[in-house]
Amino acid sequence: MAADTNAPVADPRAVPAGSAETNSYQAVTRFFDRAADHIGLGSEMREILRSSYRELTVQVPVRMDDGRLEVFTGYRVQHNAARGPYKGGIRYHPDADIDEVRALAALMTWKTALMDVPFGGAKGGVQCDAASMSESERQRLTRRFTNTISYVLGVNRDIPAPDVNTDALTMAWMFDAYSARYGYTPAIVTGKPVELGGAPGRDAATGRGVVYCLEDVARDYGLELAGATVAVQGFGNVGSWVARLAPELGCRVVAVSDVRGGVADPEGLDVEALLAYAQEQGSVVAAPGTRPVTNEELLELEVDVLVPAALDRVIHADNASRVKARFVVEAANHPVTPAADDILHAGGIVVVPDILVNGGGVTVSYFEWVMNIQQFRWDEEQVNSELRKRMAAAWAEVKARADADDIPLRLAAFAIAIERVERAVDLRGYAA
Ligand code: NAD
């Protein structure tokens, strides 16, 4: 579970009132439209791919520890399943509204297509402040939510996974709640504990994939990784693994942050010591031997590589021109708004897009699903080496397309993904 606490924090995603960037779904649709224009996608196909197939909004009543009943709102949005069952994480966050979940569901369609795993795209969320809830409250919430959405789930229909403020234990509860109704079904969720059929290495997989991707990007753009400086926003599942693994490439992690704030050390942070500190204190803030840095400052540090690994839309029209990193490697989903993307690009900053960078998570989820269906397990070495190959293949395709069409990496990634989904939709006769 992430190191969130209940402490009030400024919303780093704040954008000016009335800004055209306020809605996640509109922003992700803008990325889609740009790529659709680039590949000349027809208007009928555009209409199918622009909106979700199914959007479920549910009431999730939970008896809290103090006896009160709280009624939460939950969502499961299924965007497209032309290439395989719907796939996507479940997020617990106060801002997880229908627009955010819808945007993230669409991104999953493009991500699974780009990574070439046989899944479609979905996302789920419950609007709640998970950090302020006890473990038993979170468990009751998870079981109730799972039961309520269970009729749209299925091993060959829709397979959830962890996301912000959900983890392997949350998946264990989902698996158990689903199995209680439908019989033993480990393949109904991925990101489970290894003891329940989780893939060895799934916990680290998204962060590991980010670091594999960084290695490929650095090679092709001539960035010397030995001594390269890296700042990571978010020290949860994804960010903490990026911070742990980047030093294996010779990088120096000079700043990390979580919801409460950040810490920096230009000489390089001791990431393992920070992890132990954060586990004990609930945050990296004020870790010994570090200097404080705010989340806003972290994004503007003079580093070689900036890795946003927390929430969406943290780099927007108002702060993009202050980003000084040479590379923005999008470990989080949708951390850069379309307006910010243009500003970064104009400033010569290379933005490596989310649907590629964090695709290692869903790739290893795919391995887990296959293992569960076959009732067979790979070891971690095999998981990591298959992940390495798939990250390299996806990067090679994106880079080749960007070079061939002389377009930014995001546009190339979306173009490849949309073409794959378009082909599947066509072949299946959705538009017949
Ligand atoms: P997590 O809950 O484990 O960690 C989130 C981290 O972000 C925590 O350190 C938290 O304190 C920090 N954070 C939260 N709000 C913040 C704020 N307002 N400002 C700064 N930091 C804040 O979540 P995660 O699973 O690591 O997911 C992080 C991102 O990666 C999300 O965008 C998620 O969609 C994406 N992602 C996750 C996976 C996965 O496998 N978990 C896969 C693909 C993409």
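Quick notes on this one:
- Rg and Dmax over the alpha-carbon atoms of the stretch 212-327 stand at 13.2, 40 Å.
- Kirkwood hydrodynamic radius over Cα pairs of the stretch 330-371, then Stokes diffusion coefficient at 4 °C and 1.567 mPa s, in µm²/s: 111
- Over the chain, DSSP H runs of length four or greater, each weighted -39,500 (n - 2.57), average out per residue to a 222 nm ellipticity of -14000 deg cm²/dmol.
- Within the listed set VAL357, VAL210, VAL293, the Gaussian network model of the chain (springs between alpha-carbon atoms below 10 Å) gives the highest mean-square fluctuation for VAL293.
- All alpha carbon pair distances within the stretch 259-333 were sorted into 5 Å bins beginning at 0; the resulting P(r) in whole percents reads 3, 15, 23, 26, 19, 10, 3, 0.
- Reciprocal mean inverse distance between Cα atoms of the stretch 385-426 - Kirkwood radius, Å: 10.9
- Selection from VAL328, SER52, ALA36, by position along the positive dipole direction of the chain (Cβ): SER52
- Rolled with a 1.4 Å probe across the full set of protein chains, the surface gives PHE367 an accessible area near 10 Å².
- Per residue accessible area of the chain, 1.4 Å probe, in Å²: 38
- Difference of contour (0.36 nm per residue) and Cα-Cα distance, ASP426 to GLU267: 51.9 nm
- The aspartates and glutamates within cross-link reach of LYS192, meaning a Cα-to-Cα straight distance under 20 Å and a gap of 8 or more places when in the same chain, are GLU135, GLU137, ASP158, ASP163, ASP167, ASP176, ASP203, GLU368, ASP379, GLU380, GLU381, GLU386.
- Ranking VAL253, ALA187, MET391 by Cα position along the charge dipole of the chain, where only Lys, Arg, Asp and Glu carry charges on their C-beta atoms, puts ALA187 farthest toward the positive end.
- Portion, in percent, of the accessible area of the stretch 112-161 that falls on carbon or sulfur, probe 1.4 Å: 38
- Rounded percent of accessible protein surface that carbon and sulfur make up, the stretch 374-432, 1.4 Å probe: 46
- Bridgeable lysines around LYS389 (alpha carbons under 18 Å apart, same-chain partners fewer than 8 residues away excluded): LYS111, LYS399.
- Each 5 Å bin from 0 upward holds the following percent of the Cα-Cα pairs of the stretch 295-430: 2, 9, 16, 18, 17, 15, 11, 7, 4, 2, 0.
- Apportionment of accessible area to carbon and sulfur, the stretch 205-343, percent (1.4 Å): 49
- Span-like helix ranges in the chain, DSSP H, alpha carbon extent 30 angstrom or more, Kyte mean at least -1.0: 380-405
- Restricting the calculation to Cα atoms, the stretch 161-259 yields a radius of gyration followed by a Dmax of 16.8, 54 Å.
- Efficiency of FRET between VAL152 and THR73 - r from beta-carbon atoms, R0 22 angstrom, step 0.05: 0.85
- The value given for the chain is a Kirkwood hydrodynamic radius of 21.5 Å, derived from the mean inverse Cα-Cα separation.
The values are calculated or read from the model by the stated rules, or taken from the named source; none is laboratory data. In this text, all values refer to a predicted model and were calculated from it rather than measured experimentally. Glycine gets a Cβ as well: all are built from the backbone with ideal geometry, and neighbour counts include every protein chain shown. Surface accessibility is based on the protein's heavy atoms, side chains included, excluding ligands, DNA and RNA. Shrake-Rupley method; radii C 1.70, N 1.55, O 1.52, S 1.80 Å.
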